[in-house]
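Everything below concerns the one structure shown next.
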Amino acid sequence: MSMPAERMSPPIEPTGFGVIPGLVWAFRIHADGSPEPLAVDQPIEHRHDGWLWLHLNLADARAGAALRGMGLPPAALALLLSHDTHQQLHATEDCSYGVLADLVKRIDEGGDDTGYLRFIMTERLLLSGRHHALASCALARDTLANGKRRITHVAALLELIVEHVGDAVDHLADELTAEIDEIEDRLALRTRDVERQKLTSVRRTAVRLHRQLSGLRVLFHRLERRDSEDLKPTLRIAAGRIAQRLDGLDHEVIALRERTRLLQEEITALTAEETNRHLFVLSILTTLFLPPTLVTGVFGMNTKGLPFTDNENAFLWASALMVGSALAVYLLMRRVGVFKL
């Protein structure tokens, strides 16, 4: 996380916006924390009784031109419009901006793909954008629209979004835990190849979640250690509380990853044991059939002087010799304890 100490341009005071292409939703948050949904296809009027949350679809190529006319700090605007996937948080006295990882929202509310939220935050504006629909932003919007929480300042809204990031990760971790439990219960069945594939998928997801949480933890731990006295009160984030929540989630994900590793090792050991057992049976059968094979090979030689050549019961004697040789080998193997292994 980079937090430049230099002061940027004066605080952004929106004087009103025209119709913004790519605007997904917009809220005006009044002084008492009550939200007012705004039409996305109408100009947005600036008032002094609250602040704005504008959420954009950055995949709309027209959004960039509209954002460049808002008077945003150049560095913040460049990061907002970039495709940088490195999680980062920059803070100055009048503005905070950065990139945070989130889970992509699917139609069925599932999915574990990673998306990135880009934002610029001032005293009177939270401008957020994404290239794919994100779960935490949708949950924060629903929280506001349903009146479940009153947001009194702009930093509290960013905190709410990060809280929903944690909720989404926590929910996904619960799903992974349930899936691991099912895999563990089915280990006794002969479906280890299927279970190994499922474990690989779970482990890959756990590694991706750990990478996402590690980046977020670093950001908020650094923000917690940073002296925030030079930030305006409305821009101060409760970094300590958020970092503590992320620490707990990361430890849970690490435990999941370790559990999948142990289960993979157990499946590998069971598979190796079963393979060795099959090889043992095959070796026994090969050893038992080796003497009869030798007998048939001897009687199959086209040479003179073979025994039982003129005997009418030669086939029976040869068969008895093959069975006897196999039985002799079996008794020998039993005596030396081969079958006790």
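A few comments on the model shown:
- Of all residues in region 58-72 being closer than 17 Å to D41 by Cβ and surrounded by 16 or more Cβ atoms within 10 Å (Cβ to Cβ), the one that is nearest to the chain's Cα centre (by Cα): D60
- All of A178, A75, A133 fail the test of being open to solvent by 20 Å² or more (accessible area, probe 1.4 Å) and either closer than 25 Å to D247 by Cα or touching a helix residue (DSSP H, G or I) at 6+ places or on another chain (Cβ under 9 Å) (or both), apart from A178.
- Within region 78-104, considering residues that are within 29 Å of the chain's Cα centre (by Cα) and of a type in the set (S, T, N, Q), the one least open to solvent (accessible area, probe 1.4 Å): S96
- Taking the conditions (1) within 30 Å of A178 (Cα to Cα); (2) at pLDDT 85 or above in turn, T271 satisfies each one other than (2).
- Residue match in region 163-173 (condition: under 19 Å from H30 (Cβ atoms) and either modelled with pLDDT of 90 or more or touching a helix residue (DSSP H, G or I) at 6+ places or on another chain (Cβ under 7 Å) (or both)): no
- Condition check for P21: part of a loop (DSSP other than H, G, I, E, B) and either modelled with pLDDT of 85 or more or in contact with a Gly (Cβ under 6 Å, 6 or more places away or on another chain) (or both): yes
- Test for L249: is it touching a Ser or Thr at 6+ places or on another chain (Cβ under 7 Å) and either open to solvent by 70 Å² or more (accessible area, probe 1.4 Å) or within 30 Å of H221 (Cα to Cα) (or both): no
- Residue match in region 326-339 (condition: under 53 Å from the mean Cα position of the chain (by Cα), over 30 Å from A168 (Cα atoms), open to solvent by less than 80 Å² (accessible area, probe 1.4 Å) and in contact (Cβ under 8 Å) with a residue 40 or more places away in the chain): yes
- Residue in region 252-266 that is out of contact with any helix residue (DSSP H, G or I) (no Cβ under 8 Å at 6 or more places or on another chain) and surrounded by 16 or more Cβ atoms within 10 Å (Cβ to Cβ) present: no
- Filtered by the rule that a residue be of a type in the set (A, V, I, L, M) and in contact with a Phe, Trp or Tyr (Cβ under 9 Å, 6 or more places away or on another chain), region 280-318 gives I284, L288, L306, A314, A318.
- If you go through region 254-311 and pick out every residue that is of a type in the set (V, I, T), in contact (Cβ under 8 Å) with a residue 12 or more places away in the chain and within 21 Å of V323 (Cβ to Cβ), you end up with 4.
- The test for being open to solvent by 50 Å² or more (accessible area, probe 1.4 Å) and modelled with pLDDT of 85 or more holds for D41.
- Test: residue in region 189-203 that is modelled with pLDDT of 85 or more and loosely packed, with under 13 Cβ neighbours inside 10 Å: yes
- Residues located in region 159-182, provided they are aliphatic (A, V, I, L, M) and without any contact (Cβ under 8 Å) to a residue 12 or more places away in the chain: A178
- Matching residues, region 140-155, being surrounded by 18 or more Cβ atoms within 10 Å (Cβ to Cβ) and in contact with a helix residue (DSSP H, G or I) (Cβ under 9 Å, 6 or more places away or on another chain): A140, T143, L144, I151, H153, V154, A155
The values are calculated or read from the model by the stated rules, or taken from the named source; none is laboratory data. Quick caveat: nothing in here was measured; it's all calculated off a predicted structure. Positions of Cβ are generated from backbone atoms using ideal geometry, with glycine treated the same way; all protein chains shown enter the neighbour counts. Ligands, DNA and RNA are excluded from the accessible area calculation, which covers all protein heavy atoms including side chains. Shrake-Rupley method; radii C 1.70, N 1.55, O 1.52, S 1.80 Å.
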